[in-house]
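Can you read through this structure? Questions will come right after.
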Amino acid sequence: MIASPGAEAVDRFRGIVARRLGLQFDDAKLAFLGEVLQRRLDQRHRAPDAYLWSLDSESFAGEIAALAKELTVNETYFFRNGEQFRALAEIVVPERMRVQAASKVLRFLSAGCASGEEAYSIAITAREAVGDATWDVSVRAVDLNPAMLEKAIRARYSEWALRETSPELRRKWFHGVGREALLDEAGRIAVTFEEKNLAAEDSELWRPSRYDAVFCRNVTMYFTPEQARALVARIARALVPGGYLFLGHAETLRGVSDAFHLRHTHDTFYYQRIDCVDSPAASRRHATPRPADPIVPLALGSDSWVATIREASERVAALIHSPAAPAGSGAAPAAKWDLLPALDLLRQERFGDALDLVRGAPPEFGRDPDLLLLEAILHAHAGRLGAAEDTCRLLLARDEMNAGAHYVLALCRESAGDRAAAADHDRVAAYLDTGFAMPRLHLGLLARRAGDRDAGRRELTQALLLLKREDTSRILIFGGGFSREGLIALCEAELRICGGSP
Ligand SMILES: C[S@@+](CC[C@H](N)C(=O)[O-])C[C@H]1O[C@@H](n2cnc3c(N)ncnc32)[C@H](O)[C@@H]1O
């Protein structure tokens, strides 16, 4: 056995794995990485330095594949996140068929396909949705892990892999072989599998305008931020104009790419390359300014969340004395223009003064997203919900994935009596920023008021968890005058009403 690699070698190994495979491992995983490195050194009969030197060069044949077997997570199943396949069938395929009517060709990519379930699900869904055998529909599927690709090519799956597959599709596309299900030739024919590294440049894989839609789900969540950005940039390049990208549930493009519009249909989120011709079918775009809805003036005593905030006994002033939020804590969002004086005025509930300050910002900062968001919040605090809504829409036209703007819009929509749109904006905010407590709390309150105690309980339970670790500056900015403790108490009280236990 080769001598154990030291901490420095393991750290170098981590850096090379990030660079060559894209994968990120935090400090808690160092012991695991050390074990993997030890196994690879033993297998290759190399000392740590020599092994790491070879791994860092481009020509260490077979080693990247061997590492992929050790380091990747390969969990997958057919029709995972079924809503996305409904969006594929009902939005993406019909729209791409209109655009490709002359060529009758549709191309899909499953990037990080694991054992093939995703690629075959795309093929089955697309074939069913196209419904015309004269169309050429193909799915290219790539992964770094050769063991997974072998399994994909065999196309034999357990009951567990088919747990989300409808009986109808099972009957139509699979037949039993012993205790397993074999995908029929018809489902396999249009799907090809290749060993490819998504963390590497590959001019053939990423040829411009090659794919109508790319599924790259539950891959970037394991990547370093730089590698995730680089991969999404390659995907953007390789999609046709208006092409679609599907990510996993826990992945967003917020802060990763601005080359896409966010789409929200079928209770799911996906993306469309920004140079598309907008289709009516997929036009529930949150950045699209809607015709001005009449804003119902905020009435104290109404049961809206904004009204609750205004009636709250714990006011913003309390925050001044809160050790959790010292003035000038530096926790304000980074901005080119200094937001702290305006935030200080917000803390003092001097909304008019704060607004004057924000609006007096030099013109070069006038369209800064942080400044626009603060302006929207100040309008909302002052009860000028029409102005708050207009400012949010201006901001979303510039930064479609601004979770804060979606949340403030949710408050405005609720005050205007449009609870469906309010919940919609809350869901977008919660999806874009999974750590953002306020949209979850608002969704819980909306559900409870609509009499949906189950949904209320679900959202409020999640809100409670998030509130406990929510950033202090965000509580100041979005908490509507409540302290963290005030918001937690409110959340717990509402949870009890919904039959939950805090
Ligand atoms: C969790 S699975 C996701 C499977 C499928 N996309 C889904 O969502 O059900 C992640 C897959 O990404 C693959 N992967 C990770 N890093 C990769 C890389 N650098 N290049 C290619 N594939 C990679 C892994 O081998 C693994 O099969």
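The values are calculated or read from the model by the stated rules, or taken from the named source; none is laboratory data. Model, not experiment: these values are computed from the prediction. Note that each Cβ is placed from the backbone with ideal geometry, even for glycine, and that neighbours are counted across all protein chains shown.
Quick one: in segment 105-127, which of the residues that are hydrophobic (A, V, I, L, M, F, W, C) and within 13 Å of the ligand (Cβ to nearest atom) is surrounded by the fewest Cβ atoms within 10 Å (Cβ to Cβ)?
Checking each candidate, the answer is 114.
Quick one: would you say residue 90 is away from the ligand (no atom under 13 Å from the Cβ), in a helix (DSSP H, G or I), surrounded by fewer than 19 Cβ atoms within 10 Å (Cβ to Cβ) and touching a residue at least 60 places away in the same chain (Cβ under 8 Å)?
Yes; evaluated as a whole, the condition is true for this residue.
Testing residue 77 on (1) within 16 Å of the ligand (Cβ to nearest atom); (2) closer than 19 Å to residue 191 by Cβ; (3) surrounded by 20 or more Cβ atoms within 10 Å (Cβ to Cβ), one condition comes back false. Which one is that?
Condition (3) is where residue 77 drops out.
If you don't mind, another one. Any idea how many residues of segment 214-246 are more than 17 Å from the chain's Cα centre (by Cα) and either closer than 28 Å to residue 70 by Cα or crowded, with 19+ Cβ neighbours inside 10 Å (or both)? Please lay out each step first, then the result.
Initially, segment 214-246 is screened for residues more than 17 Å from the chain's Cα centre (by Cα), giving 234, 237-243.
Narrowing further to those that are either closer than 28 Å to residue 70 by Cα or crowded, with 19+ Cβ neighbours inside 10 Å (or both): 234, 238-240, 242-243.
Total satisfying the criteria: 6.
Return the residue satisfying two criteria in turn: it lies in segment 177-202 and is within 16 Å of the ligand (Cβ to nearest atom) and of a type in the set (Gly, Ala, Ser), and of such residues it is surrounded by the fewest Cβ atoms within 10 Å (Cβ to Cβ).
Only one residue fits best here, namely 200.
Here is a check on your reading of the model: is residue 170 away from the ligand (no atom under 16 Å from the Cβ), under 21 Å from residue 76 (Cα atoms) and either touching a Leu at 6+ places or on another chain (Cβ under 7 Å) or at pLDDT 95 or above (or both)?
Answer is yes for this residue.
Wholly within segment 174-214, which strands (runs of 3 or more DSSP E) include no fewer than the required count, namely at least 3 residues that are under 11 Å from residue 140 (Cβ atoms)?
Correct list: 191-195.
Suppose the filter is buried (at least 19 other Cβ atoms within 10 Å of the Cβ), among the aliphatic types (A, V, I, L, M) and either more than 10 Å from the ligand (Cβ to nearest atom) or more than 24 Å from residue 235 (Cα to Cα) (or both); does residue 133 pass it?
Details: buried (at least 19 other Cβ atoms within 10 Å of the Cβ): no; among the aliphatic types (A, V, I, L, M): yes; either more than 10 Å from the ligand (Cβ to nearest atom) or more than 24 Å from residue 235 (Cα to Cα) (or both): yes.
In short, no.
Just to be sure, is residue 128 assigned by TED's automatic domain parsing to the domain that holds residue 155, under 17 Å from residue 184 (Cα atoms) and free of Cβ contacts under 8 Å to residues at least 60 places away in the same chain?
yes
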